[in-house]
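Take a look at the structure below.
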Amino acid sequence: MSYLQELKDRIAPELASKGIKVLPKGSSVLRVVKDTEVVMTISDRGDYVELDYKGKSYKYDKWYTKPEHLAKVILGQF
């Protein structure tokens, strides 16, 4: 299972309960959508994952930040 797929599996159920969808865009990008607005983009950039949220970009090294840890960070924003 890919990093993004595991991350999606961890965040999608809780976000869905808040009316937020996690939609794939290709194999290396997830979009977090509330109503019709993309509120966060999660991109797999090889050795790291990049989050674009509220006009800022955050990079997380995949070797140090496991999907379960990044899921907590993402869920904390909603």
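The values are calculated or read from the model by the stated rules, or taken from the named source; none is laboratory data. Everything quoted here is computed from the prediction, not taken from an experiment. Using ideal geometry, Cβ is built from the backbone for each residue, glycine included, and neighbour counts are taken over all protein chains shown.
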Check your understanding: (1) in contact with a Pro (Cβ under 7 Å, 6 or more places away or on another chain); (2) of a type in the set (D, E, K, R); (3) exposed (fewer than 13 other Cβ atoms within 10 Å of the Cβ): which one isn't true of E68, the others all being true?
Key -> (1)
Study note, to complete from the structure: Only unsatisfied item for S43, checking (1) at pLDDT 95 or above; (2) in contact with a Lys or Arg (Cβ under 8 Å, 6 or more places away or on another chain), is (2)
Review point. How many residues are assigned to a loop (DSSP other than H, G, I, E, B) and either over 14 Å from the mean Cα position of the chain (by Cα) or over 18 Å from M1 (Cα atoms) (or both) if we restrict to segment 30-66?
Key: 8
**Study point:** Count of segment 1-29 residues which are without any contact (Cβ under 8 Å) to a residue 40 or more places away in the chain and either assigned to a helix (DSSP H, G or I) or closer than 14 Å to F78 by Cβ (or both)
**Key:** 10
